[in-house]
Structure formats: structure tokens, C-alpha cells
Amino acid sequence: MSKLYLDLSKLYNHRAETSGIGTPGEDNYLKLNSLSFNQCLKNGEVECIFRKASNGDNVICDSQILDINNILIKKITLFGFCVWGYYKEKFILKYRDQTEGIAIAYFSDVVYPLTLSINNVMGIDRQIYMEGSQVFCDFIWDQQKGFMYYSTTEFENATQVNKIIFPDNCLMHIFAITIEN
């Protein structure tokens, strides 16, 4: 399978401050240090490119639509994290034939991975999050350790996708999407 690193820059509505310069409390401010941008990063077989543009470097999910013009997708990997909790969200894939598919993102809190608190999680939540939320890398987040996660959905057959519709969850940040066909 070949890999394609989607460009999310048209959807960016948030920026990370890697230099530590910025005003905490600003609506459009997230202080990150040691996160690498504009280069291919790998963790085993999982790869992505975190991009930086003038309008930001990540997407706070708010039902955005990413047009991808009939790209063939067999596997999709979403990279990001959540703030203030753990979330499982559906990304809707609009196929060329007007049908839909779903890619799931399971992300833990940026500074508190679910694996650290799994003993406090009961029942179905334990199963849902332990199966989905995987740590891609760690970084320094406002002078403490932060975590970037990934979640992969693989489909039985590759299908041409026109659009990806993001969920409506302002606590989920998406930094990159890698697709394989």
C-alpha cells in the first residue's frame, strides 16, 4: 500500500506555540514544545507529517469538511489528542458513489493517557478506549509531558472518497491524517 499525507492547512483553526511565545488563555493558543513539524515522523509502521501554516497547525473539530477529490482509501490513520477527557468520535467518509463510511478516532487526554487511569475505568469504556487510543509520540506540553495519539481504521476494500467530515467536538484536536490505498 502507498501512503499519502493529507494537507489539512485549509481547515486549521488553531495553532501550537512551539517557541513558548504566546499568551495563555487566548482562544487560539496551545503551548507545545519539542513537537516536530513539516517532516515525516514514524512510530513502527505508522507515519504522518505534522504541518505548520500561517493559520495554524491543527484542527479543533467543528464539523469541518475536507475535500479530497476521489482518493482511494483502504486505511486511514488520524493523529491528535483531546483536552479535558477521553473521546471516541466518528469521521464520516463520503464515497464517490454517494454512500458513506466511518473512520473512528479514539483519543486520550493530552496529558493523561487512559492507560494511566485504566483501573478507574469500568465496563465498556475500558474496552472501547484500550482498543483504540495508541500513543504515537510524546512531547513537552506547557512544561509537562504530553501525548499525541493515533487511531487507525482499515476497510475491507479500498474505496474512492470525496470528502471527510470531521465530528463536532471542540475538545478533539487533529494534527494529521495519513491514508493508505
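The values are calculated or read from the model by the stated rules, or taken from the named source; none is laboratory data. What you are looking at is a predicted structure, and each value in this text was computed from that prediction instead of being measured. When we count neighbours, we look across all protein chains shown, and the Cβ atoms used for this are built from the backbone with ideal geometry, even at glycine. Areas reflect the complete protein model, heavy atoms only, side chains present, ligands, DNA and RNA absent. Shrake-Rupley method; radii C 1.70, N 1.55, O 1.52, S 1.80 Å.
Brief remarks on what is shown
- Approximate spin-label separation Ser9-Ile71, in nm, with each point projected 7 Å along Cα-to-Cβ: 1.5 nm
- Paramagnetic reach from Arg96 (point 7 Å along Cα→Cβ, amide N under 16 Å) across the stretch 138-181: 157-164, 180-181
- Nearest-10 value in Å² for the accessible area of Cys170, using the 1.4 Å probe: 90 Å²
- Amide H partners (placed H, <5 Å) of Lys52, local residues excluded: Asn38
- Cα→Cβ-extended label distance, 7 Å offset, between Asp62 and Met1, nm: 3.2 nm
- When you count the other C-beta atoms within 10 angstrom of each residue and take the mean per peptide, 75-86, 147-158 line up highest first as 75-86, 147-158.
- Electrostatic bookkeeping for Lys74 treats Lys and Arg as +1 and Asp and Glu as -1; over the other residues with beta carbon under 12 Å from its beta carbon, the sum is -1.
- Within the full protein context, the accessible area of Lys3 is estimated at about 60 Å² for a probe radius of 1.4 Å.
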